[in-house]
Every structure is written in C-alpha cells, then in structure tokens.
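Let me begin by presenting the structure, written as structure tokens, before commenting on it.
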Amino acid sequence: MRTSNMFVRSLGVFVPDIVSIEQAVREGLYPADEVERFQQIGAAVAGDMPAPEMARRAVLDAYERWGESSPRELDLLLYPSVWHQGPNGWQPQHYLQMHLLGGGVPAYEIRSGCVGMISSLELAASYLQADPGRETAMVVSADNHGTPLVDRWRMTPGAVIGDAACALVLGKEYGMAELLAVNATTIPEADAVNDGGYPLFPPDATVGIGLSFGDRHEEFRQRLLKDRGTGIHLTIQKTMMQQVEQTLEEAGIGFSDISRVAFPHGRREDLDGQMSWLGIDVEQTTWDYGRRVGHCGAVDQFIAFEHLVATGGLEPGDHLLMVGFGSGTSVAAAAFRVLATSPRTREARA
C-alpha cells in the first residue's frame, strides 16, 4: 500500500538492561559451546516489569523526545502483542487508556505475531487516510517473555529472546521519517509452522505447556518430510521477495536506494539466507544491534530504527527497509525515508 503524506512523527522506546551471554553462561542458562557458533551477545531482560508498563514508558519517551502534544489527542491506538500481557480476559490497551489516553481514543489490541508492528502500521495508515479529520495514530507494542513457560536462552536454537517496547506516532504532518509504503500478507498453507502439532483446544498455555520454537520448527520439518516435502519454505522466501518488491515499487525506490534493512532479530544463519535473497551484506542490516538485545517480539525492527537514528546509522535522506515474519505464517515489509534525526531539525522544517 502506497502511503501518501504519512509520516512517523515520533518514535519512543523502552529497552531494559542487557544480560550478557557471558553472564547467562556463568549461571548455566546458555550453553557455553554455542557462544562462538551463534555470536549472540546478550538479551534485554525486563525482570518483573509488566509489558503494558513497558509500553507506557515507550509512549512517554515518544512524546517527550519529539515534543508531541497529549496522547489524549490521538485518533487511534493499536497495540500489537506477541506474548501474554496480563490477567486472562484482560486487554493491555486499557492500561494505556487509564494512565495516558483516556477513554475517548479508540484503542485495540492486535494479534498478528511478530509482524504486528508493521501490519498495524498498514491498518493505522488506512484509518488516517479514510477520513481527512483524522490526524494521528499510535502503534505501540511491548512484551516481557520472562515467564515460567519461556526459556529465553534456549527457546530458539541460535537466538535468544529479549524484552522491549516501542511506540510510534503516525500522522499526516512532517515528522522524523516518511512512511512510503507498507504491505503485509499471510501464507495460509504455512499455518502449522509454529503449532507444534498440538491440538487447538485446550490452548497449550492454559495447561502449562511451555513454548519452544526450536521443538516446534523441528516437529513441522519432520511433518513436511513425511507429507508433502519442504517446498513451503521456498514459498515463504518467494512471498518475502514479492512483499519487498511491491513495497519498493510503491515507494518509488529501488534496492540501490536502500541504506539499511531491518530484519527480525534472530539466528545469523537465517539472516544469511535473507541477505542472499536481497543481495545485501551484513553491514547493511541491523544484525549487530539485534544480537545485543535479542528477539523482542514485534518491536525488533522499530527499536533498531530508533537505535540507528540515535547513533548516526541513518541520516536525513537515507531509506530504511523493514522486513518481518510472523507465525502463521505472515510476511510484511515497509519502506521509510529518514527526514530528521533530532527534534530541532524537525521543528525547523515544521
């Protein structure tokens, strides 16, 4: 979807302190013989801070950093989430309404896995474009994976799981970056990639079954080998390329215009495959940042975006491509043009 005159007005994050791989090894949490092989550096660990509180802090960071007005003036809030947010039957966006937004802002939780931030951008942009009177929307996501059903150090072989939150204010006025295009799609035939072969009822979390993506991916691989073969993995890669090509075409740019590419934080061997398809090298990706904080749910590409802007990895005029994958299996892409790297630059242009 081409998103004409749609801007990232502000980007706020909450990334907790990092627990290093060395510390995890000393505490017997991470296999020492995997340190050199997988090159992970650490994971952001939120302790007992609830995910909605992490989200609240990211929202405050977004508003304070770029001098935005009150969150109560938003026209929409979307809260994509991956892991459990609080009590069963409770929704996290209500926490933000109570503490920041009030009840007059329409707010919804989005469940689309690790592409949640990107796919929610598509929804938010569509919502704003549908009505000239709607000016701003926020997409905010947070996850704290530190629960008994998750072993963040071993859940995904070759990767570690982090905790983080990110809040993005999208609007029709000039901002720190322009959202040029965004697209998300689903591959129905890959529905079972992460289901582990478990029955749909009762939900596994309700009976205390832990989440191990390594075990689930292996179960799915074995199922494919016995059934129809592993061609679904090629379908996923082709769909990724289709999403990227469509997004770049709608954005009016080509591969040569892309300064950086933000992928989900994960295994280096998976990243190598994506880089091969796109014809880029590791220096153009967010790998080095991702291996320091871990895979943080739906916010990976966005906290990396903020990190690049804050550290000079992106400058005005640069283009950022985001690529996302979610269980189900969903694939998404978004293209941005950086316009400003500080509030002063933004204010001067406004």
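The values are calculated or read from the model by the stated rules, or taken from the named source; none is laboratory data. Only a predicted model underlies this, so the values are computations on that prediction, with no experimental measurement involved. No Cβ is skipped: glycine too gets one built from the backbone with ideal geometry, and neighbour counts run over all protein chains shown. Ligands, DNA and RNA are excluded from the accessible area calculation, which covers all protein heavy atoms including side chains. Shrake-Rupley method; radii C 1.70, N 1.55, O 1.52, S 1.80 Å.
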Query - Spin-label model distance (nm) - Y127 vs D281, 7 Å beyond Cα toward Cβ - result: 4.2 nm
Query raised in the report: Over segment 201-327, what percent of the accessible surface lies on carbon and sulfur atoms, probe 1.4 Å?
Result: 49 percent
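Going by the alpha-carbon gyration tensor, a ≥ b ≥ c the square roots of its eigenvalues, is segment 99-258 rounded (a/c under 1.5) or, if a/c is not under 1.5, prolate (a/b greater than b/c) versus oblate?
oblate
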Requested in this report: Pull up the DSSP beta bridges for the chain and report the antiparallel fraction as a percent, rounded to 5.
Outcome: 75 percent
Report task. Would you work out the relative contact order for segment 67-121, in percent, from Cα pairs under 8 angstrom that are 6 or more residues apart? Result -> 46 percent
Query - Cα gyration tensor shape for segment 41-105, rounded if a/c is under 1.5, else prolate or oblate - result: oblate
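Which length gain, in nm to one decimal place, applies between D288 and E73 when the Cα-Cα distance is subtracted from 0.36 nm times their residue separation? Walk me through the numbers on the way to the answer.
Working: separation 215, 0.36 × 215 = 77.40 nm, distance 3.68 nm.
Fully extending the segment from D288 to E73 adds 73.7 nm.
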Query raised in the report: With axes computed from alpha carbons, what is the tilt in degrees of helix 51-66 against the longest principal axis of the chain, rounded to the nearest 10 within 0 to 90?
Result: 30 degrees
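What do you get when you divide the Cα radius of gyration of the chain by 2.2 N^0.38 Å, with N the number of residues?
On the way: Rg = 19.4 Å, N = 350, 2.2 N^0.38 = 20.4 Å.
Taking N as the residue count of the chain, the ratio is 0.95.
Report the relative contact order of the chain, percent, no decimals, based on alpha-carbon pairs under 8 angstrom and at least 6 residues apart. Numbers along the way, then the final one.
On the way: 765 pairs, mean separation 88.4, N = 350.
After rounding, I find 25 percent.
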Report summary line: Quick note, segment 249-350: a/c under 1.5 would make it rounded; otherwise a/b > b/c is prolate and the rest oblate (a ≥ b ≥ c, C-alpha gyration tensor); here it is prolate
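Top to bottom by accessible area (1.4 Å), largest first, where do H145, H94 land? Provide the component values of the computation, followed by the final result.
Details: H145 10, H94 85 Å².
Putting H145, H94 in descending order of accessible area: H94, H145.
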Query raised in the report: Between E315 and Q246, what length in nm is gained on full extension when 0.36 nm per residue of separation is reduced by their alpha carbon distance?
Result: 22.4 nm
Report task. Please determine, in degrees from 0 to 90 and to the nearest 10, the orientation of helix 231-251 with respect to the longest principal axis defined by the Cα atoms of the chain, where the helix direction is its Cα long axis. Result -> 10 degrees
Query raised in the report: When the Karplus curve 6.51 cos²θ - 1.76 cosθ + 1.60 is applied with θ = phi - 60°, which whole-Hz ³J(HN,Hα) does each residue of segment 101-109 get, with x for Gly and Pro?
Result: 9, x, x, x, 9, x, 9, 9, 7
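How charged is the neighbourhood of G313? Take every other residue with its Cβ under 11 Å from the Cβ of G313, and add Lys/Arg as +1 and Asp/Glu as -1. List each step's numbers first, then the result.
Numbers: positive: R260; negative: E283, D288, E306, E315, D318.
The answer is -4.
Per DSSP H run of at least 4 residues, take -39500 (n - 2.57); add these up for the chain, divide by its residues and hand me the 222 nm value, nearest 500 deg cm²/dmol. Numbers along the way, then the final one.
On the way: 11 runs with 116 residues, N = 350.
Value at 222 nm, helices only, nearest 500: -10000 deg cm²/dmol.
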Query raised in the report: Picking from D300, D318, D131, which is most flexible by a Gaussian network model of the chain using Cα springs under 10 Å?
Result: D131
**Report entry** the chain: angle of helix 116-129 to the longest principal axis, Cα-based, in degrees nearest 10
**Finding:** 30 degrees
Report summary line: Residue-ordered couplings for segment 263-280, obtained by feeding phi - 60° into the Karplus form 6.51 cos²θ - 1.76 cosθ + 1.60 and rounding to whole Hz (Gly and Pro as x), are 9, x, 6, x, 7, 5, 5, 5, 4, 4, x, 5, 4, 4, 5, 8, x, 10
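Report the extension gain between L234 and Q222 in nm, rounded to one decimal, defined as 0.36 nm multiplied by the number of residues separating them, less their alpha carbon distance. Walk me through the numbers on the way to the answer.
Values: separation 12, 0.36 × 12 = 4.32 nm, distance 1.62 nm.
Roughly 2.7 nm would be gained on extension.
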**Report entry** Candidates V261, V140, V25: whichever shows maximal mean-square fluctuation once the chain is modelled as a Gaussian network with Cα springs under 10 Å
**Finding:** V25
**Report entry** Separation between Cα centres of segment 1-30 and segment 154-198, rounded to whole Å
**Finding:** 12 Å
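Per residue, how much accessible area does the chain have with a 1.4 Å probe, in Å²? Write out the running numbers ahead of the final one.
Working: 14900 Å² over 350 residues.
With the other protein chains kept in place, the chain gives 43 Å² per residue.
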**Report entry** FRET efficiency, 1/(1 + (r/R0)^6) with R0 45 Å, evaluated for Y198 and S259 via beta carbons
**Finding:** 0.60
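Report in % the part of the accessible area of segment 1-113 that belongs to carbon and sulfur, leaving out ligands and nucleic acids; probe 1.4 Å. Provide the component values of the computation, followed by the final result.
Values: 2600 of 5400 Å².
With neighbouring chains kept in place, the figure for segment 1-113 is 48 percent.
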